[in-house]
Amino acid sequence: HKAYGLSASKGRQVVTAIEYQEAILACRNPKKPISSRLEWKKLGRGISFVYYQQAFQGDFKDRAERIDFSIRIKNVTRNDAGKYRCEVSAPSEQGQNLAEDTITLEVLVAPAVPSCEIPSFALSGTVVELRCQDKEGNPAPEYIWFKDGNRLLENPKLDSGSANSSYTVNTKSGTLKFNTVSKLDSGEYSCEARNSVGYRRCPQKLMQVDDLSISGIIAAVVAVVLVICACGLGVCYAQRKGYFSKETSYQKGSAASNVTTVSENDFKHTKSFII
């Protein structure tokens, strides 16, 4: 049969659904002939059947139902996102009459527990960056940082509860950066990933900030110098006492004795051979 009267609905039809809820994909076909054939396909790199020969295909068998020319998908997952096409064909006087409609299904996904990188220790006066990331949320989540359970504002100058105004929060990338961290920044930090579907927060972690101890560094340097001096004095003392020369003389004497012994043995062997 030949296909006549190819039609497509005007405008882009987009259906938005939250993951694990239901979605209805409506086939906007103005004419509903009695003896018609309905097919639903999912478009992508390849075309796969969703509804074919009066039955749902694949994993849609147990979680989809037909409503007239439309379909209802239960327990939608992120893998269901994509473009779908419904095709309605019916016989006519001119041959096979075909109508089709294309629908885009967008699946919204709540963030998972974000991955947080929070150092346990830091030195005051240094640059410290805390990181937070979620890879599952759709749309991409924004990030909120908390210290001791209190939210850190994106602009620290507006945060009356923050003692350090040198930090910056990037709500898009999820970083919390201290340009000059101080002991006042010590505390328990956590990060929350949030989008229009939901939010999740990583566990709190303690970051301890300590001052750089100048006296401790000086003491360590002095200790290293004293050890080096002690080793040098020990070597000089050993040389003065002749420990190194005695050991050398002993090695030379042992070598000479071995040479003499070998020579005497060779002589005796030669003498007996002559006799």
Of all residues in region 121-151 being within 14 Å of Asn179 (Cα to Cα) and small (Gly, Ala, Ser), the one that is most open to solvent (accessible area, probe 1.4 Å): Gly125
Thr126 of a type in the set (Val, Ile, Thr) and touching a Leu at 6+ places or on another chain (Cβ under 8 Å): no
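Of all strands (runs of 3 or more DSSP E) completely enclosed by region 49-159, which ones contain at least 2 residues that are without any contact (Cβ under 8 Å) to a residue 40 or more places away in the chain? Steps first, please.
On the way: elements: 64-67, 70-73, 82-92, 95-108, 115-117, 121-123, 128-133, 142-147.
Those strands (runs of 3 or more DSSP E) span 64-67.
Is it the case that region 84-101 has a residue that's of a type outside the set (D, E, K, R), at pLDDT 95 or above, within 39 Å of the chain's Cα centre (by Cα) and surrounded by 14 or more Cβ atoms within 10 Å (Cβ to Cβ)? Don't jump to the end; show me each part of the working.
Residues of region 84-101 of a type outside the set (D, E, K, R): 84, 86, 88-92, 94-99.
Filter once more, so that each one left must be at pLDDT 95 or above: 84.
If we keep only those that are within 39 Å of the chain's Cα centre (by Cα) as well, we get 84.
So of that shortlist, the ones also surrounded by 14 or more Cβ atoms within 10 Å (Cβ to Cβ) come out as 84.
Taking every residue of region 84-101 in turn, at least one turns out to be of a type outside the set (D, E, K, R), at pLDDT 95 or above, within 39 Å of the chain's Cα centre (by Cα) and surrounded by 14 or more Cβ atoms within 10 Å (Cβ to Cβ).
Going by what's in this entry, would Ser7 be described as more than 16 Å from Thr104 (Cα to Cα) and at pLDDT below 85? Even if it seems obvious, please write down each step before you answer.
Values: more than 16 Å from Thr104 (Cα to Cα): yes; at pLDDT below 85: yes.
So Ser7 fits the description; yes.
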In region 33-69, the residues that are more than 37 Å from the chain's Cα centre (by Cα) and under 27 Å from Ala110 (Cα atoms): Glu65
Residues of region 165-174 satisfying the condition of being touching a residue at least 12 places away in the same chain (Cβ under 8 Å) and open to solvent by 30 Å² or more (accessible area, probe 1.4 Å): Thr168, Asn170, Lys172, Ser173
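The values are calculated or read from the model by the stated rules, or taken from the named source; none is laboratory data. Since the model is a prediction, treat every value here as computed from it, not as a measurement. Please note: Cβ atoms are built from the backbone with ideal geometry, for glycine as well, and neighbour counts cover all protein chains shown. The area values use the complete protein model at the heavy-atom level, side chains included, leaving out ligands, DNA and RNA. Shrake-Rupley method; radii C 1.70, N 1.55, O 1.52, S 1.80 Å.
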